[in-house]
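The values are calculated or read from the model by the stated rules, or taken from the named source; none is laboratory data. All figures in this text were calculated on a predicted structure; none of them were measured in a lab. As a convention, Cβ positions derive from the backbone with ideal geometry for all residues, glycine included, and neighbour counts pool all protein chains shown. We work out accessible area using only protein heavy atoms, side chains counted, and drop any ligands, DNA or RNA first. Shrake-Rupley method; radii C 1.70, N 1.55, O 1.52, S 1.80 Å.
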Amino acid sequence: MIRGIYTAAAGMAAELAKQDVVANNLANANTDGFKADMAVFKTRADKTIYRVAGEGGARGGVPNVQKMGELSTGVYLDAINTQFQQGTLRQTDEPLDLALEGDGYFVVQGSNGEELLMRGGSFTRNAQGVIVDPNGRPLLGDQGPIRLVGSDAIHVSNEGVVRQGARTIGKLRVETVEIPTEALEKRGDVAWSLKGAATTRPANEAMVKQGYLEGSNVNPIRAMVEMIAVQRSYEASQKMISAQDETLGKAVGEIGRV
């Protein structure tokens, strides 16, 4: 009976963690470039249950110790995986709004020099003329940060070549990885860093779209349904604990008086 309370409590803890993931997805449903997360549960090790004969020993050929079966001990949150499906592209006609169509990532430089990957966003030009993301991180090209000169119109080709008027400024780095779920980890809401020894390669098939933003890939309706399911599962585990606690109370308070 105590074991049942622990199993139900483990389920509540797992559902609580999943609720945080779903709530974060909903909160970022309108965040450009956001990729939804998914909570992955794993079953705890099952326990083998045995029937052990009492003082009288085995009877009728039944063994002294008899295996009765396996008992589950609940689940736990094993991982939070990102779903990398592309979001819907929205046209803005702003020259520094950039998105990618296909498999690939822009490269920006973090404050400590670390290179981060992102799917695009509403880039701007800072006081030094460098193209930066909303957090002020420089957008990198083949020769380092992309620095604009003068006030000529900016044009970015589908291949990532940046031009101002007749002058070529540079070419954006667009990289990809083999298996994103294994190679990338989130750094904030819309950027990723490489895990361990993971490496990138040029994303030759990705197409740069100037004047577009990639929306979040969160489906709000599906996320709301998932949130309701999580709440119901949490409440079911809660009721199981209450029922077992009541039964345990009767066993201690009533059976003990017999």
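Brief remarks on what is shown
- Residues located in region 152-169, provided they are at pLDDT 95 or above, open to solvent by 60 Å² or more (accessible area, probe 1.4 Å) and hydrophobic (A, V, I, L, M, F, W, C): none
- Residues being surrounded by 14 or more Cβ atoms within 10 Å (Cβ to Cβ) and among the small types (Gly, Ala, Ser) - total across region 79-101: 2
- Checking each residue in region 170-193 for being assigned to a strand (DSSP E or B), open to solvent by 30 Å² or more (accessible area, probe 1.4 Å) and modelled with pLDDT of 95 or more picks out only 171.
- Against the conditions (1) at pLDDT 95 or above; (2) under 14 Å from residue 33 (Cα atoms), residue 139 satisfies every one except (2).
- The lone exception for residue 24 - which of (1) farther than 25 Å from residue 243 by Cβ; (2) crowded, with 16+ Cβ neighbours inside 10 Å; (3) at pLDDT below 95 it fails: (3)
- Some residue of region 217-236 being within 28 Å of residue 96 (Cβ to Cβ) and surrounded by 16 or more Cβ atoms within 10 Å (Cβ to Cβ): yes
- Matching residues in region 133-153 - criterion: being under 19 Å from residue 192 (Cβ atoms), assigned to a loop (DSSP other than H, G, I, E, B) and either without any contact (Cβ under 8 Å) to a residue 24 or more places away in the chain or touching a Lys or Arg at 6+ places or on another chain (Cβ under 8 Å) (or both): 134, 136
- Among the residues of region 1-52, those that are over 25 Å from residue 252 (Cα atoms) and either basic (Lys, Arg) or in a strand (DSSP E or B) (or both) comprise 18, 35, 37, 38, 39, 40, 41, 42, 43, 44, 47, 48.
- Whether a residue is over 19 Å from residue 140 (Cβ atoms), aromatic (Phe, Trp, Tyr) and open to solvent by less than 80 Å² (accessible area, probe 1.4 Å) was assessed, and residue 76 passes this test.
- Count - residues of region 194-216 that are open to solvent by 20 Å² or more (accessible area, probe 1.4 Å) and of a type in the set (Val, Ile, Thr): 2
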